[in-house]
Amino acid sequence: PAVRTISIATIQNNSPQGPAFLTQRFTEDLKDYFQRNTNLRIVPRDGDLQFDGNIVAYDFAPASIQKVDGIDQAGSNRLTIQVKIRITNTKDDKQSFEQLFQNFDDYAANRNIATINNDPNAVRTTTDKIITDIFNKSVANW
């Protein structure tokens, strides 16, 4: 009940493969999710809850292999994103933590990473799951 504000620092993209827009979109989507689902007021810094972290992995790799005319080919491709988040609860330090959050989505073998990065909803599908996990870990127990 003592927690009234939240500050979310820019979640930097430190993964070598991640698209340029990922930093801005992930940070804004995280802020939007907390605004829609809590009564916490977002402040630029020094919130009662302080979030910071970075995107540490953005990997696109074959998820299933199948034989086509005797040649191994990807049956589907998987986009996996990992985000390391540190949450500081200034009102109750026992609630502070640092954790790696990860999620993925599978795509048809004919979709390459460029088409997925250019699809505004594709990457967001994966990041939305990570944001939900961050929310649930940080405030859902209230």
Next item on the list: Look through 122, 109 and report the one residue that is more than 15 Å from residue 82 (Cβ to Cβ), touching a Leu at 6+ places or on another chain (Cβ under 8 Å) and of a type in the set (Gly, Ala, Ser).
Entry: 122
Item checked: region 1-35, residues that are open to solvent by 20 Å² or more (accessible area, probe 1.4 Å) and more than 17 Å from the chain's Cα centre (by Cα) -> 1, 2, 3, 4
Check: Would a scan of region 75-82 turn up a residue that is at pLDDT below 90, within 25 Å of residue 117 (Cα to Cα) and open to solvent by 50 Å² or more (accessible area, probe 1.4 Å)?
Finding: no
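When you check residue 48 against the structure, is it surrounded by 17 or more Cβ atoms within 10 Å (Cβ to Cβ) and more than 16 Å from the chain's Cα centre (by Cα), yes or no?
yes
Among the hydrophobic types (A, V, I, L, M, F, W, C) and free of Cβ contacts under 8 Å to residues at least 12 places away in the same chain: is that true of residue 122 in this structure? Before you say what the answer is, go through the steps one by one.
Numbers: among the hydrophobic types (A, V, I, L, M, F, W, C): yes; free of Cβ contacts under 8 Å to residues at least 12 places away in the same chain: no.
Here the answer is no, as residue 122 does not meet what is asked.
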Note to self: Show the residue pairs meeting these rules: Cβ distance below 7 Å; 6+ apart or different chains; first residue within region 98-119 and of a type in the set (D, E, K, R); second residue open to solvent by 30 Å² or more (accessible area, probe 1.4 Å) and modelled with pLDDT under 90.
What the structure shows: 106/63
Checklist line | One residue from 85, 55, 130 being modelled with pLDDT of 95 or more, buried (at least 16 other Cβ atoms within 10 Å of the Cβ) and outside any strand (DSSP E or B) | finding: 130
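Just to be sure before I move on: is residue 91 assigned to a loop (DSSP other than H, G, I, E, B) and within 18 Å of residue 140 (Cβ to Cβ) in the structure I sent? Lay out the reasoning, then the answer.
On the way: assigned to a loop (DSSP other than H, G, I, E, B): yes; within 18 Å of residue 140 (Cβ to Cβ): yes.
Spelling it out, residue 91 is indeed assigned to a loop (DSSP other than H, G, I, E, B) and within 18 Å of residue 140 (Cβ to Cβ).
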Next item on the list: Can you work out which of the residues in region 133-142 that are open to solvent by less than 60 Å² (accessible area, probe 1.4 Å) and in contact with a Ser or Thr (Cβ under 9 Å, 6 or more places away or on another chain) is nearest to residue 49 (Cα to Cα)?
Entry: 139
Next item on the list: Specify which of the listed residues (116, 65, 130) is touching a strand residue (DSSP E or B) at 6+ places or on another chain (Cβ under 8 Å), β-branched (Val, Ile, Thr) and within 30 Å of residue 38 (Cα to Cα).
Entry: 130
Notebook entry, point to check: Looking at region 102-127, which of its residues are in a loop (DSSP other than H, G, I, E, B) and of a type in the set (Lys, Arg)?
Noted result: 111
Check: For residues in region 95-122 being under 17 Å from residue 135 (Cα atoms), more than 13 Å from the chain's Cα centre (by Cα) and not polar (S, T, N, Q), which is least open to solvent (accessible area, probe 1.4 Å)?
Finding: 97
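The values are calculated or read from the model by the stated rules, or taken from the named source; none is laboratory data. Note that the coordinates shown come from a computational prediction; the quantities given were computed from them, not determined experimentally. All Cβ positions, even for glycine, are placed from backbone atoms using ideal geometry, and neighbour counts span all protein chains on display. Keep in mind that these areas ignore ligands, DNA and RNA; they rest on the heavy atoms of the full protein, side chains included. Shrake-Rupley method; radii C 1.70, N 1.55, O 1.52, S 1.80 Å.
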